[in-house]
Amino acid sequence: MGIKGLQSFVQNSCSNVCSTVNLRTLAARNKSSYPESTPTIVVDAMGCLRTWYTPNDWVHGGQWKEYLCSLQTFISAFQAAGIQLVFIFDGVVENTKRQEWVKRRLRDNKEISKIFDFIKANGQQPGRNMFFIPSGISTFTKSALRSLGQEVIISQVEGDYEVAAHGLQHQCLGILGEDSDYLIFNTVPYFSVSKLCLASLETLMYSRENLCKELRLQLSHLPLLACLLGNDVIPENTVACFQRKCMASYHSQNSDQNKRAQVICAVAAFISKLQCSQHGLRQVECMLPLWFDKTLLQKGIALYILPQQNSPWLSLELPQGNPERNIIESSVCPYKDIVKTALSQRCNGQKVGIWNILCTGESECSNTLEDEYDSEITGQALIYRPVRQHVYAILLGTGNGSPDTCPIVKEWYVYPGNQLLQPDFVQAVPLSIAVGIPSIQNLWTSNSPDIQRERLYAFLACFHIESFTDELKALEPHIAAVCCLLIYIAVQVVSLSQKDVEAFLAQVLCLPGKSAGQLKNLQLPQVESRAVHLAYLFLRGINTVLLVNSACGSPFNIMDLMPWNTFDGKLFHHKYLQCHGGSSLEEILEGSVSTNTTCNQEPLILLFKKLMKIICDACAAKNRILQDTKRRLHHSFAGHQQQARFSYQNQHHRERNQRHNFPRRGNAFGGERPNTGFHTGHCTEERQERWHGAHGYDMSYPEPASRRRGQRGRGSQYLNRWPQ
C-alpha cells in the first residue's frame, strides 16, 4: 500500500509532523518505565530491503556475502542499544490490489529494458538511479535473518496491516519502515528507515496527531483521506474527478505548495466539513463517478481498521482477523493435514513459496533482470515452468490420475511478452518415475530410514535427473544443488555453452575461499549483458530449487541452498569473462587451491573435472551435447586479461625460481617471454589441447561406476553433511 505524495508532503510542508528522535534514548526511557519488558521495534521488512542492500554492485546478480554482513551490522546496532527487532514480511497479495501489482510489474519491465540498453551501450553497471534490487531477495532475507537469530513473521494478510496490528497488540516502541500507510493506521509511532543513521540510531518520527492538526482532521478521518487520495485499493485515476472538484472549491493559503500538496490539502478540507458517519460517507459517494464501485470505498477504509478498532464511516462489524481454521477449510489442497502442517511451518521458514499454492491455487513471481531482446534465452518463468508443474502435482494431487483431472494453478509470473491481463492457467503434471510417485504425506511426515533418499529422488525427478541420484548424493549438498540446477538449465537453454557452465562451476568452487571484503574489492573491467542475463536466470533457479525442496520434504538443509553459499554475482561475472576470454583452467580456479569445507580436501581442478563430467553425462543422457563455444567479449577485456595473465604467470614463475633456484635472465619471466596464445574470441590449438587434454573431461559417457549398485563415486565423504 501507500499514498502517493503523502510522505513527501509531510516532510516538505509539515514541519511539526516530523521530528528527529534517537531510538537508543527512546528505548532507555521505555526500559525505565517497563523494566520487565524489552523495547521492541516491529520492522516492515519489505520496505527495508533497498536500505539493507548496501553493496555497490547489484547488476551482476547480487553480492550475497556482502548483503549478509550488511544485515548483521544492522541487527548489531539495535542489539547494542538493547532493542529487540521483529521482522514481518508480506505473505500474500490481496486480490483487491492485484491491479496495482500488475501496474508496477509492467512499469518495472520498462526500467529493466533501460538497464540492458545501458549495459550494451556502455559495458558498465548503471548508476544507482537505475538500481534494481536483486530478485529473490525477500526469500533469501527471511532465511538470513533467522540464521542470525531474529524473529521473522510471514503475514497472512496484507503485510503493512499485520505490521501495524503487531505493533499495537504488543505495545512496541514503534514501526520501522518506509510506507506512508503507517501515517494512516492508528497504531504505535512510525520511524523512517531511509532517514536512519545506524551509527547514532537517529531517524525521523512521524506524528499522526500533528498531521491531523495540520490538516484540521481527526484520527478517524485518515483512512477516508487515504482512499480519496488514491492507494493500492482505489487507484488514483478513479478518484481524479473527485479531486478536481475539491480543488475547485479550495483556496490555498500557501502559494509555494506543489500541485500534489494542494490536492492533499483540498481533499482534507472537504473531509473536515463532513459529518463523521455513514451519512457523511454517502455524501462522498454522491461526488464520485456513476461507474465507481461504491463498495471499494468501504473496503479501502476497512483495511486501515485494526483488530478491536471501529470506524464511524462503516456500519458492519469488521472481522477480527482471519481464523486459522477458515484458512485450512477454504484451501484448495485436498490434504487438510498438510495445509495445517504448512501453516505451522510457514512462519519459521521451513516451507518456501508453497503457501499460496496450497491455499488459493495461485503462484506469483515478480520481475527479474532478463533481456527481452535476447532471443536465445526464453523467459525465465517459462524455463522453470515444467519444474513447477511437478511441484503442483506433489502439493495438490493428480485428481484420479488422468491429465484432464489434474489441478490447475493460476500463475502470475512476469516474463517478456506477458502483459498480465490475466493469470496463466497451468496444469499440474505428475512425476514419471519408475519407483512410483511418493505421496506428500510420506515426503513431509515419514520417519522411515530411507525417507531422505526418497525425498532427494523426488527432488531430482522434478528436474528430470533422478537417474543421477548416486552421483549427486556423493557431493557436498550445496554443490549437488548447483549441479542439478546447471544440468536442468543446460537441457532447457540450448544456447548455454560449456564455457557458461564452467563459469558457474568455477564461481561456486572458489566462493568458499572468498570473504565478503575480497568479493567487494573484486574489480571487473566490463559488464556483459549476456552474463547478467545468465546470472539472474541462475538466481531464479535458486528460488525454484527452494520451492522444490519445500515440496519434497526438505532433502536439503535450506541454508545450503542460500546464495551466499552457492552464488556471487560479481564472482560469476569474473569467471564468465575468464572462461570466454581464453584463460587457463588454473587461472580460472585461482591456482587450484584445495577446498576447505571438509577435512578430506580435494584439489579444485580434480573436483571441477569430476563435476563437469557429471553434468556432461547427464546432459548427454538427454541428447544434449554442450558446445565449447566462446562468446565475443567487449574489446576492452583483451588488454586487461592479457595484462592480468602476464602478472599471474610472472608471480608463479618467480615462486618456481625461488623453489628451484633457476637463473633469472633479462626479463621478468626469467627467459623468453611465454606465448600466451590469447586471442579475443578464439582459442589456439595449444589451448584447446590444454582444456580437453590435460584438463579435459571424459566425453565418451561410459556408465559411471557410482551408478552401479553398492558403489559410490569419489566424494562420498560428504554424505554426512546431508540432512538426516
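Among the residues in the range 447-457, are any aromatic (Phe, Trp, Tyr), part of a helix (DSSP H, G or I), surrounded by 24 or more Cβ atoms within 10 Å (Cβ to Cβ) and over 20 Å from the mean Cα position of the chain (by Cα)? Checked against the condition, which is being aromatic (Phe, Trp, Tyr), part of a helix (DSSP H, G or I), surrounded by 24 or more Cβ atoms within 10 Å (Cβ to Cβ) and over 20 Å from the mean Cα position of the chain (by Cα), the range 447-457 yields no hits at all. The criterion of at least 1 residues that are in the same structural domain as Phe116 (by TED's automatic domain parsing) is met, among helices (runs of 4 or more DSSP H) falling completely within the range 1-86, by 23-33, 45-52, 64-80.
Taken over the range 423-438, residues that are assigned to a loop (DSSP other than H, G, I, E, B) and at negative phi amount to 11. Within the range 401-446, take every residue that is hydrophobic (A, V, I, L, M, F, W, C) and within 15 Å of Ala381 (Cβ to Cβ) and give me the one that is surrounded by the fewest Cβ atoms within 10 Å (Cβ to Cβ). Per the criteria, the residue is Phe425.
Within the range 172-208, restricting attention to residues that are part of a loop (DSSP other than H, G, I, E, B) and of a type in the set (A, V, I, L, M), the residue that is farthest from Ala269 (Cα to Cα) is Ala199.
Residue count for the range 579-620 satisfying the condition of being at pLDDT below 95, aliphatic (A, V, I, L, M) and surrounded by fewer than 17 Cβ atoms within 10 Å (Cβ to Cβ): 2. Restricted to the range 71-112, and to residues there that are surrounded by fewer than 17 Cβ atoms within 10 Å (Cβ to Cβ) and polar (S, T, N, Q), the residue that is modelled with the lowest pLDDT is Thr96. Only residues that are in contact with a helix residue (DSSP H, G or I) (Cβ under 8 Å, 6 or more places away or on another chain) and farther than 19 Å from Gln243 by Cβ: list them for the range 276-301, please. Scanning the range 276-301 gives Cys276, Gln298, Lys299.
Condition test on Leu571, is it modelled with pLDDT of 95 or more, in contact with a Lys or Arg (Cβ under 9 Å, 6 or more places away or on another chain) and surrounded by 24 or more Cβ atoms within 10 Å (Cβ to Cβ)? Considered against the rule, which asks whether it is modelled with pLDDT of 95 or more, in contact with a Lys or Arg (Cβ under 9 Å, 6 or more places away or on another chain) and surrounded by 24 or more Cβ atoms within 10 Å (Cβ to Cβ), Leu571 comes out as yes. Residues that are in contact with a strand residue (DSSP E or B) (Cβ under 7 Å, 6 or more places away or on another chain) and in contact (Cβ under 8 Å) with a residue 40 or more places away in the chain within the range 189-199 comprise Phe191, Val193, Leu196, listed in sequence order. For Asp108, the stated conditions do not hold, so it cannot be described as without any contact (Cβ under 8 Å) to a residue 12 or more places away in the chain and in the same structural domain as Gln63 (by TED's automatic domain parsing). Only one of the listed residues (Tyr304, Tyr335) is modelled with pLDDT of 90 or more and not hydrophobic (A, V, I, L, M, F, W, C). That residue is Tyr304. With respect to the conditions (1) out of contact with any strand residue (DSSP E or B) (no Cβ under 6 Å at 6 or more places or on another chain); (2) farther than 28 Å from Ala535 by Cβ; (3) among the aromatic types (Phe, Trp, Tyr), Trp355 falls short on a single one, namely (2).
Elements of the type helices (runs of 4 or more DSSP H) sitting completely within the range 351-422 and holding at least 1 residues that are closer than 26 Å to Cys552 by Cβ and among the small types (Gly, Ala, Ser): these cover 380-383, 385-396. If you check Gln218 against the conditions, is it in contact (Cβ under 8 Å) with a residue 12 or more places away in the chain and either at positive phi or buried (at least 16 other Cβ atoms within 10 Å of the Cβ) (or both)? Judged against the criteria, Gln218 is not a match. Look at (1) surrounded by fewer than 18 Cβ atoms within 10 Å (Cβ to Cβ); (2) closer than 27 Å to Arg50 by Cβ; (3) touching a residue at least 60 places away in the same chain (Cβ under 8 Å) and you find that Lys213 fails only one, number (2). For the range 565-587, does any single residue satisfy the condition of being touching a residue at least 24 places away in the same chain (Cβ under 8 Å) and closer than 21 Å to Arg453 by Cα? Within the range 565-587 (the criterion being touching a residue at least 24 places away in the same chain (Cβ under 8 Å) and closer than 21 Å to Arg453 by Cα), the answer is no, since none of the residues qualifies. Within this structure, Asp560 fails the test of being closer than 21 Å to Glu370 by Cβ and among the acidic types (Asp, Glu). Counting only helices (runs of 4 or more DSSP H) that sit completely within the range 483-556, those holding 3 or more residues that are assigned by TED's automatic domain parsing to the domain that holds Thr445, within 17 Å of the chain's Cα centre (by Cα) and not acidic (Asp, Glu) correspond to 529-551. Determine, yes or no, whether Glu329 is loosely packed, with under 13 Cβ neighbours inside 10 Å and at pLDDT below 80. In short, yes.
The values are calculated or read from the model by the stated rules, or taken from the named source; none is laboratory data. None of these values were measured; they are calculated from a predicted model. Heads up, the Cβs are rebuilt from the backbone with ideal geometry, glycines too, and the neighbour counts pull from every protein chain shown.
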